[in-house]
Amino acid sequence: MPPTPAMPHVLNTYGRLPFALSHGRGCRVWDTEGREYLDALGGIAVNTLGHAHPALVAAIADQAGKLIHCSNYYQVPLQEALAAKLCELSGLAAAFFCNSGLEANEAALKIARKFGHDRGIDLPEVIVYERAFHGRSIATLSATGNPKVQAGFGPLVEGFVRVPLNDIAAVRDVARTRPNVVAVFLETIQGEGGIQPARHAYLRELRALCDEKDWLLMLDEVQCGIGRTGKWFAHQWAGIVPDVMPLAKGLGSGVPVGAVVVGPRAQEVLQPGNHGSTFGGNPLAMRAGVETLRIMEEQGLLANAGKVGAALKDGLQRELGELPGVREIRGTGLMLGIELDRPCGVLLGRAAEAGLLISVTADSVIRLVPPLILTEAEAAEVVARLAPLVRAFLAEPA
Ligand SMILES: Cc1ncc(COP(=O)(O)O)c(C=O)c1O
């Protein structure tokens, strides 16, 4: 007899491990049976401050006692506070708030299309990337470069031209042949695609090409932004500034907050009536965002992500780097991937059994995106728990 599903009334859209988490503290979580786990997943790059950070909990409780939601019919001063902070940190000019990564990307795509229409381009096109992941709405899955995400959901949205990552000649070819291009849209570091960074030189070339062609450079920092790589935004390593930057995941440290932050070239594109969100920018979410960024600064979490990320990568390299089945260990700060030469989804459950939460993406890449408060001792513990599992896995017959 097949086992009774644990959640029979929940749509079956995820392959879930057979336990439920009940609470956490810092980088540790406990399940309902009392088992403890070290969290190297952070709710998939979301729990910036770890679990139950006292200052964040207090701010959320305080805000919940005052005003959770009020609609965008009114001024929301906390929206201005979070937008101003994001602009200060990014060098951009203004923000729109929503609730998730795909919504931030939808807003970016609407901005790109309207930017084109405002210039007399009736059928605007956006350059997107192989192996990209931008979300699971119809438009964002159409922009996504993964046939598995798209399968069964056609017809896809039109107006995308796909190129390989880090190949500037491919973009120049598109520039020569397609007059309706209005924007280039990519993840600064592909997350779901297997921790694949856009090279710094490539980003600088894209920036120059976008300036030359009057295109928008739109960098999806939903996963790699908000301090994860050791700078506020991953593109800052390349010394460039995008025109449009979708954010989400780490921005509210677990409270759903999405944002699209734009520079001067895109600031006037959306006008009253062009876009909106009932929940987007509500006071509770904004307070979580403001408080997350404040605590990150107070605790020096960018520097911590850089330092602890480097220690974690060194440890992984030392323990696993020379194994024949390990193709590459890559990433920056606390966004790391260990690419194996074979699918390794089974490691998710085995790691959990060993008291470690991780993810596997692009079939064969172990992804580590822990809270940015991870300590060096915890990083060493991640290595100590993970390395034997990977070694044993690679020793099994393929
Ligand atoms: C780069 C990137 N963009 C967009 C998304 C979609 O975000 P959400 O799941 O919040 O819609 C993700 C989610 O993994 C992502 O990694």
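The values are calculated or read from the model by the stated rules, or taken from the named source; none is laboratory data. Being a predicted model, the structure only gives us computed values, none of them experimental. For neighbour counting, all protein chains shown are included, and Cβ atoms are generated from backbone atoms with ideal geometry for every residue, glycine included. To get the accessible areas, we keep the full protein, side chains included, count just its heavy atoms, and leave off ligands, DNA and RNA. Shrake-Rupley method; radii C 1.70, N 1.55, O 1.52, S 1.80 Å.
Condition check ((1) among the basic types (K, R); (2) open to solvent by 30 Å² or more (accessible area, probe 1.4 Å); (3) in a helix (DSSP H, G or I)) across all residues:
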residue: K85; (1), (2), (3): yes, yes, yes
residue: L89; (1), (2), (3): no, no, yes
residue: L92; (1), (2), (3): no, no, no
residue: L102; (1), (2), (3): no, yes, yes
residue: A108; (1), (2), (3): no, no, yes
residue: G116; (1), (2), (3): no, no, yes
residue: L141; (1), (2), (3): no, no, yes
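Taking the numbered list (1) away from the ligand (no atom under 13 Å from the Cβ); (2) open to solvent by 10 Å² or more (accessible area, probe 1.4 Å); (3) part of a loop (DSSP other than H, G, I, E, B) in turn, V255 passes all entries but (1). When each of I338, I366 is tested for being within 25 Å of T188 (Cα to Cα), part of a strand (DSSP E or B) and free of Cβ contacts under 8 Å to residues at least 40 places away in the same chain, the lone residue that passes is I366. Residues of the stretch 40-67 that are over 18 Å from L17 (Cβ atoms) and touching a strand residue (DSSP E or B) at 6+ places or on another chain (Cβ under 6 Å): G50, A52.
Among the residues of the stretch 35-61, those identified as touching a residue at least 60 places away in the same chain (Cβ under 8 Å), more than 16 Å from the ligand (Cβ to nearest atom) and open to solvent by 20 Å² or more (accessible area, probe 1.4 Å) are R35, E36, H51, H53, A55, I60.
Among the residues of the stretch 177-204, those identified as farther than 24 Å from E339 by Cβ and either buried (at least 23 other Cβ atoms within 10 Å of the Cβ) or touching a Lys or Arg at 6+ places or on another chain (Cβ under 9 Å) (or both) are V181, V182, A183, V184, F185. Taken together, Q223, Q267, Q271 contain a single residue that is within 19 Å of A45 (Cβ to Cβ) and of a type in the set (S, T, N, Q), which is Q223. The one condition from (1) on the phi < 0 side of the Ramachandran plot; (2) within 15 Å of the ligand (Cβ to nearest atom) that P77 does not meet is (2).
This table checks each residue for (1) farther than 14 Å from G194 by Cα; (2) crowded, with 21+ Cβ neighbours inside 10 Å; (3) out of contact with any helix residue (DSSP H, G or I) (no Cβ under 7 Å at 6 or more places or on another chain).
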residue: E297; (1), (2), (3): yes, no, yes
residue: G325; (1), (2), (3): yes, no, no
residue: L347; (1), (2), (3): yes, yes, no
residue: A351; (1), (2), (3): yes, yes, no
residue: L356; (1), (2), (3): yes, yes, no
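Taking residues in the stretch 294-315 that are under 21 Å from R367 (Cβ atoms), and partners anywhere that are of a type in the set (D, E, K, R) and buried (at least 20 other Cβ atoms within 10 Å of the Cβ), the pairs with Cβ atoms closer than 7 Å and at least 6 places apart or on different chains are A305/R228. Restricting attention to the stretch 368-390, does a residue exist that is open to solvent by 40 Å² or more (accessible area, probe 1.4 Å) and of a type in the set (S, T, N, Q)? The answer is yes; a qualifying residue exists. Tallying residues that are surrounded by 14 or more Cβ atoms within 10 Å (Cβ to Cβ) and at pLDDT below 95 within the stretch 10-34 yields 0. Annotation: of all residues in the stretch 239-249 being away from the ligand (no atom under 11 Å from the Cβ) and within 23 Å of L109 (Cβ to Cβ), the one that is most open to solvent (accessible area, probe 1.4 Å) is V241. Within the stretch 143-164, residues that are touching a residue at least 24 places away in the same chain (Cβ under 8 Å) sit with their Cβ atoms under 7 Å from residues that are among the hydroxyl-bearing types (S, T, Y) and open to solvent by less than 60 Å² (accessible area, probe 1.4 Å), at 6+ positions apart or across chains, in these pairs: G145/Y129; F160/S142; R162/Y129; V163/Y129.
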